[in-house]
Amino acid sequence: MRVIRILFFLLFPISVLAQPRFEIQEFIGIVKRISPGFSFALEQLVLDVNGEEESFLFDPYYGELVKSKIEIGDPLTLRASVNLKFRAAKIEKKNLKMLISPFYAFHDRITELKIENEWVPLSEVNNENRPAQYEVYLNRRVQDEYLLNGIRVGLLFEKGLVAFYFMFSDFYDPLKNIVPGTTVSFGGYKSLPKPGYVYPIEGVSEVIRYVPLTELSGKVHSYLFKQNYVCIGAKFNTREGKSISVSFPSDYAERIKKFIIPNQDLKFYYYDYKVEGQLNEPELHAIIQGTDTLYIKQFGFYGGADVEHQHKEARVEGKITKVNTSQKGNIISFIVNSEVLIEVDAMMAQQLWYLFKRGAEISIEGDERIKKQGEIYSRNYRIVVPKKIIINGKEFSTYNP
């Protein structure tokens, strides 16, 4: 999915990303398709309007209404909220071949349908903001497939489980080579049927937005720590003789270390996306050792394995006892009184590097990290992000945009 996000910004004109302009417009055409959308429920209505295919979205809450009142081949009149800039750019047709575009939010949305000569409003649905739910499934056998215009976009499993990749493109298609009978491991965002939802197949009980997981066997070699000494990952030696590093949320470190028995074989499952040149490691999502399995049912923490923390106000006074630098020699942090780690951002390092010397007297006001249960630190320092620094009698404040 991140491949698509990158392409989004490469191919999408800046003018379209600017504040959109919307207008209600009326369309008359012939119904070509009623297709699944973001949650695999029916959510996309495609019309033939004067020989051109026009795609419109509706909230899946209205799936039963649309399915019961509209047939393929019917003439249909509708009104939609049109994004004028997106429609003018016509990016979908010119630059990308998409069944369901990554520019999903820019699609025209239906506001009214004309059914039996009556205008039926499709008001905005107040979908409650609930915490996202994720799931992980390991070694599941594909029983069947779902094709859209001849393209495989869904995998069907037992008990109504569907894995759906909603943004097929010429650039990235994780389902392309997966056929019925194949065994796969995957995870992703989970959605369940809701009132009004209609799916393109019967018996759907759960939908996962498909993220493929790679399975490898080996043994744990070591654990990985950030520059602030918090554990955010592990390195495994595989049976093939390779070393693979993966990341996990920092508050999983204690569970993972307790779960893994050193020097014993295990299987680990990870999402192998990685940006070349970046230090961030791919996401770990499951470990099997013996008959036990540990799951990490979170997705999207790539680059952010050090989870969000609460902070408290702190004041630190004393001497700088150690200065930590990167491989390039840039200051990344320093230690005060051998017990407090002061994190230094790039701007501060560039402006004040000549003052951060061992033995210098310093006073700091800032925010101290409240460490989370489950985290492991290789050094037991207090960690403070400075807001104000007094050093050599001079006062400096950090820049807060």
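The values are calculated or read from the model by the stated rules, or taken from the named source; none is laboratory data. Please read these numbers as outputs of a predicted model, since none were measured by experiment. We place every Cβ from the backbone using ideal geometry, glycine too, and count neighbours over all the protein chains shown.
Checking each residue in the stretch 379-390 for being surrounded by 14 or more Cβ atoms within 10 Å (Cβ to Cβ) and farther than 20 Å from residue 224 by Cα picks out 384, 385, 386, 387, 389, 390.
In the stretch 339-378, the residue that is surrounded by the most Cβ atoms within 10 Å (Cβ to Cβ) out of those that are among the β-branched types (Val, Ile, Thr) and under 15 Å from residue 230 (Cα atoms) is 342.
Within the stretch 46-63, no residue that is over 17 Å from residue 83 (Cα atoms) and outside the structural domain of residue 112 (by TED's automatic domain parsing) sits with its Cβ atom under 9 Å from a residue that is at pLDDT 95 or above and not polar (S, T, N, Q) at 6+ positions apart or across chains.
Is it the case that the stretch 122-132 has a residue that's within 20 Å of residue 214 (Cα to Cα) and among the charged types (D, E, K, R)?
no
Going by the structure shown, is residue 367 of a type in the set (D, E, K, R), at pLDDT 90 or above and under 22 Å from residue 223 (Cα atoms)? Judged against the criteria, residue 367 is not a match. All of (1) more than 30 Å from residue 258 (Cβ to Cβ); (2) without any contact (Cβ under 8 Å) to a residue 24 or more places away in the chain hold for residue 154 with one exception: (2). On the basis of being surrounded by fewer than 18 Cβ atoms within 10 Å (Cβ to Cβ), of a type in the set (Lys, Arg), within 25 Å of residue 268 (Cβ to Cβ) and at pLDDT 95 or above, does residue 219 make the cut? It is true that residue 219 is surrounded by fewer than 18 Cβ atoms within 10 Å (Cβ to Cβ), of a type in the set (Lys, Arg), within 25 Å of residue 268 (Cβ to Cβ) and at pLDDT 95 or above.
Mind listing just one residue for me: the one in the stretch 189-210 that is in a loop (DSSP other than H, G, I, E, B) and of a type in the set (A, V, I, L, M, F, W, C) and, of those, surrounded by the most Cβ atoms within 10 Å (Cβ to Cβ)?
204
Could we say that residue 186 is in contact with a Ser or Thr (Cβ under 9 Å, 6 or more places away or on another chain) and either within 24 Å of residue 140 (Cα to Cα) or not in a strand (DSSP E or B) (or both) here? So residue 186 fails the test. In the stretch 355-379, the residues that are over 13 Å from residue 306 (Cβ atoms) reach residues that are of a type in the set (Phe, Trp, Tyr) and in a loop (DSSP other than H, G, I, E, B) with C-beta atoms within less than 7 angstrom, at least six apart or across chains, in these pairs: 378/229; 379/229. Here residue 40 passes the criteria (1) on the phi < 0 side of the Ramachandran plot; (2) buried (at least 16 other Cβ atoms within 10 Å of the Cβ) except the one numbered (1). Strands (runs of 3 or more DSSP E) fully within the stretch 255-350 that include at least 1 residues being of a type in the set (Val, Ile, Thr) and out of contact with any helix residue (DSSP H, G or I) (no Cβ under 7 Å at 6 or more places or on another chain): 283-289, 292-295, 311-325, 331-336, 340-343.
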